[in-house]
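The values are calculated or read from the model by the stated rules, or taken from the named source; none is laboratory data. Being a predicted model, the structure only gives us computed values, none of them experimental. Quick reminder, even Gly has a Cβ in these numbers, built from the backbone with ideal geometry, and neighbours come from all protein chains shown. These area figures cover heavy atoms from the full protein model, side chains too; ligands, DNA and RNA do not enter into them. Shrake-Rupley method; radii C 1.70, N 1.55, O 1.52, S 1.80 Å.
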Amino acid sequence: MVTNRRVTGPSHFQDVRLIEFDITGSGINFAAGDVVLILPQNAASHVQQFCQALGLDPNQCFTLRPREPDVSCPERLPQPCSVRHLVSQYLDIASVPRRSFFELLACLSPHELERDKLLELSSAAGQEELSEYCSRPRRTALEVLCDFPHTAAAIPPDYLLDLIPQIRPRAFSIASSLLAHPSRLQILVAVVQYQTRLKEPRRGLCSSWLASLDPEQGPVQVPLWARSGGLTFPQTPDTPVIMVGPGTGVAPFRAAVQERVAQGRTENFLFFGCRQRDQDFYWEAEWKELEERGCLRLVTAFSRDQERKVYVQHRLRELGPLVWELLDHRGASFYLAGNAKYMPADVSEALTSIFQEEGGLSAPEAAAYLASLQRTLRFQTETWA
């Protein structure tokens, strides 16, 4: 990691980071639309808390040996391995546990009251109570273990890999092109933090870990690798591209615009939306410079900068004649990235409305037109919850 910079204003509700990695000599290669997978670590305070709850010495080393011939040791764990490495880099102690976690804890518990409660939570009849206790408030495995201290202290280390799942890598859209930034890989990360009825705020494991790293304090290594993403951009030089990327959904389109401009492709139309121009308008100066060079047409929607909320779907409708001409007469490809909650449906509705108003299609014909764009990969989406 070489850069970790907050790009939202100080009064903005969300901490969003532009993070840059130096990938010199790594052999990592990627194109616009690809994603990077990052393997996070648990917070040092959580590792300490976990070891205390289970009576483990974080500095103790162990060697894993399979008990059955067809079982192999996890590839990600070194041999021998320290308890600290296991807990910080392998066990997902910040995940919300499932019913099987409570079943195994009940089997291991020597404490009658705790065991009875664990049996109740893991029973078929106790599923509503389990949901209320664990799933809805997003209570973590570590917090559950702290709620059942006698049970936690009695867990044999042999059972840790059965009890707690491994940390999974998280995927992020790559926000830069190697043609514009050789040997560099950039991502745009919204730091996940929200409140449930629990006192402690819920935090995203990967985004919080990344945000905590400071390359200015010394070298920071992050385990990552690239893979093909869900978006593929046209190879024909004269095909226009319409991109709709509100919020951090704009990340893959920055990579695409950088790549296409470096290849001399200037038919780039970007619809970007955020809350306020002065708080979360990512890469404003970069977009303006590209506009001045004639490489980009930028359309913005700042939802909170006026009394009536304005979103990207409203801007699409306002420019319906242009959108229809690009799609129907010039064979443009259409891309959409961002939050999966409402926006994709709202944008699809705006498009079908444009097809009816500008193309004179009936409602069924407009739906069929949209479906044909999806089928021929001229309408692609990358959304997340």
Q: Determine the order of Asp305, Asp92 by accessible area, beginning with the largest, at a probe radius of 1.4 Å.
A: Asp305, Asp92
Q | Cut-off under 5 Å, modelled amide H: who pairs with Ala301 long-range | A | Phe272, Gly273, Cys274
**Q.** Packing rank of 352-365, 327-340, where each peptide gets the mean count of other beta carbons within 10 Å, highest leading
**A.** 327-340, 352-365
Q. When the helix-only estimate is applied to the chain (DSSP H runs of n ≥ 4, each -39,500 (n - 2.57), divided by the residue count), what is the mean residue ellipticity at 222 nm, nearest 500 deg cm²/dmol?
A. -9500 deg cm²/dmol
Q: Arrange the peptides 9-21, 263-275, 243-255 so that the one whose residues have, on average, the most other Cβ atoms within 10 Å appears first.
A: 243-255, 263-275, 9-21
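Quick check for the chain: number of Lys pairs with alpha-carbon distance under 29 Å, counting only pairs 8 or more apart or on different chains? Show your work: numbers first, answer last.
Numbers: Lys117/Lys199; Lys199/Lys341; Lys288/Lys309; Lys309/Lys341.
The result is 4.
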Q: Please turn the phi angles of segment 72-87 into ³J(HN,Hα) values with the Karplus equation 6.51 cos²θ - 1.76 cosθ + 1.60 (θ = phi - 60°), one per residue in order, whole Hz, x for glycine and proline.
A: 10, 6, x, 5, 6, 9, x, 10, x, 10, 8, 4, 4, 5, 4, 6
Q | For segment 138-144, 3J(HN,Hα) per residue [Karplus equation, 6.51 cos²θ - 1.76 cosθ + 1.60, θ = phi - 60°, Hz, x = Gly/Pro] | A | 6, 6, 8, 4, 4, 5, 5
Q. So how far apart, in nm, are the two label points at Val192 and Glu292 if each is 7 Å from Cα heading toward Cβ?
A. 3.9 nm
Q | Cβ-Cβ FRET estimate between Lys199 and Asp162, R0 fixed at 25 Å, reported to 0.05 | A | 0.25
Q: Go through [x] 72, 51, 48; [y] 81, 58, 57; [z] 69, 43, 39 and flag the label whose value is the computed Cα extents along the principal axes in Å for this structure.
A: [x]
Q) Among Arg293, Arg260, Arg84, which one moves the most in a GNM of the chain with springs linking Cα atoms closer than 10 Å? A) Arg293
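Output the antiparallel fraction of DSSP beta bridges having both residues in the chain, as a percent to the nearest 5. The partial results should precede the final answer.
Values: 25 of 45 bridges.
Expressed as a percentage, antiparallel bridges in the chain total about 55.
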